[in-house]
Amino acid sequence: MKCPSCNSEDIRRSRRRGPQEGTTLRLRNEAPFRCCDCGLRFIAKNDALDPADTDRHLSFADYLGLRGWPRRVFTDGVILGSLLTVVLLVLTVTLFALAYGWIDLAFLRAAAPPPQ
Ligand SMILES: [Zn+2]
């Protein structure tokens with residue numbers, strides 16, 4: 001790979017800027033690079049410039065394009081844990097709603113024969 005400006009081959013991967021660039025570039029298998037000679041930042045196909053980087057495990061934080069402290073806070077465990085918590089909360093609330101009749105299951109009762 002060469003720098004489109006100065007043709008230098010001294011290219012390094014650059015950080016993706018924010019969630020939007022992270023997702024769009026990843027979908028198109030592209031990545032930002034920076035030329036070490038002239039400092040130009042450019043987007044190019046993400047071919048195996050750095051195999052260690054491409055083979056690396058992608059975490060949820062990677063997909064969300066997080067960096068800095070949110071990346072350290074929102075590890076896979078934290079994100080999965082919060083998702084699980086939300087699901088359990090919704091399930092619990094739904095169960096209570098059913099138990100106390102906040103949700104009217106009229107469509108279920110209509111199928112059963114009316115009590116005499
Ligand atoms: Zn250059």
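Just so you know, all these numbers are worked out from the coordinates, no wet-lab data involved. Here the structure is a predicted model, which is why all the values come from computation and not from measurement. Positions of Cβ are generated from backbone atoms using ideal geometry, with glycine treated the same way; all protein chains shown enter the neighbour counts.
Sorting check: for 7-16, 83-92, 30-39, which peptide has the highest mean count of neighbouring beta carbons within 10 Å, and how do the rest follow?
Answer by packing, highest mean first, reads 30-39, 7-16, 83-92.
Compute the distance in nm between two label points, each set 7 Å from the Cα along the Cα-to-Cβ direction, one at Leu64 and one at Arg26.
Between Leu64 and Arg26, the label points sit 1.1 nm apart.
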